[in-house]
Amino acid sequence: MAEAESAADRRYDDARYLAASRNNARANGAIYLGGYVVECLLKAKLIEKYVWLQSTRNSADLTEDRRPIWFLCYRQHDLDELLGRLPEVWEQIEAWEQRGSNRLSQSLKQVCETWAVYGRYATRSHDIDDANTFLGKVKELKPCLR
């Protein structure tokens with residue numbers, strides 16, 4: 001879990017560095033890394049929920065009911081699928097929204113709609129303003145995804 005959170009922090013710093021360059025050619029990279037931050041934090045939550053993921057590095061050793069969770073954690077990159085296994089994240093976001101962070105659920109939905117692991121191959125070019133908007137959403141989500 002700590003490894004995934006640490007990776008999220010490092011990738012967030014990388015994304016902010018790319019966005020700070022103000023170079024439109026780096027915008028897609030900043031967005032990709034920003035989405036990866038959310039993925040890492042969700043995977044940290046998954047590992048926290050399913051503690052056995054910390055010690056199981058080989059899917060062949062797993063029962064049929066555990067194998068899909070292992071693959072989701074270690075081989076897949078779908079934010080919506082991760083959230084499907086983590087309904088408590090939505091509950092946590094609702095709690096934060098009741099305390100005044102009223103856009104978190106909207107931000108998380110937008111991040112999920114915008115980001116996919118295949119973005120690293122995207123032919124559509126974003127601009128640096130798109131990247132900064134996306135990273136702003138990631139920044140506001142980070143505390144409640146820990």
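Computed from Cα positions, the angle between helix 87-98 and the longest principal axis of the chain comes to roughly 50 degrees. Got a sec? Charge dipole of the chain, +1 on Cβ for Lys and Arg, -1 for Asp and Glu; which of 131, 20, 47 is way out at the positive end? Working it through, the farthest residue towards the positive pole turns out to be 20. Each of 9, 80, 65, 130 was scored by other Cβ atoms within 10 Å of its Cβ. Listed from fewest to most, they are 65, 80, 9, 130.
Multiplying the sequence separation of residue 65 and residue 124 by 0.36 nm and subtracting their Cα-Cα distance, what value in nm do you get?
Values: separation 59, 0.36 × 59 = 21.24 nm, distance 3.83 nm.
Separation in residues times 0.36 nm, less the Cα-Cα distance, equals 17.4 nm.
Taking the C-alpha atoms only, the angle from helix 104-114 to the longest principal axis of the chain is near 80 degrees.
222 nm [θ] for the chain, helices only, -39500 (n - 2.57) per DSSP H run of 4+, per residue, to 500? Before the final figure, lay out the partial values.
Working: 7 runs with 94 residues, N = 146.
The per-residue figure over the chain is -20500 deg cm²/dmol.
Report the charge-dipole magnitude of the chain in Debye, nearest 20, computed about the Cα centre from +1 at each Lys and Arg Cβ and -1 at each Asp and Glu Cβ. Can you show the working numbers first?
Details: 22 positive and 22 negative charges, 69 e Å.
Around 340 debye, computed over the chain.
A crude spin-label estimate for the pair residue 105 and residue 88, with each label 7 Å from Cα along the Cβ direction, gives 2.0 nm.
Highest average first, the peptides 26-37, 10-21, 49-60 ordered by how many other beta carbon atoms sit within 10 Å of their residues are 26-37, 10-21, 49-60.
None of the figures in this text is laboratory data; all of them are computed from the coordinates on show. Note that this is a predicted model, so its numbers are computed, not measured. All Cβ positions, even for glycine, are placed from backbone atoms using ideal geometry, and neighbour counts span all protein chains on display.
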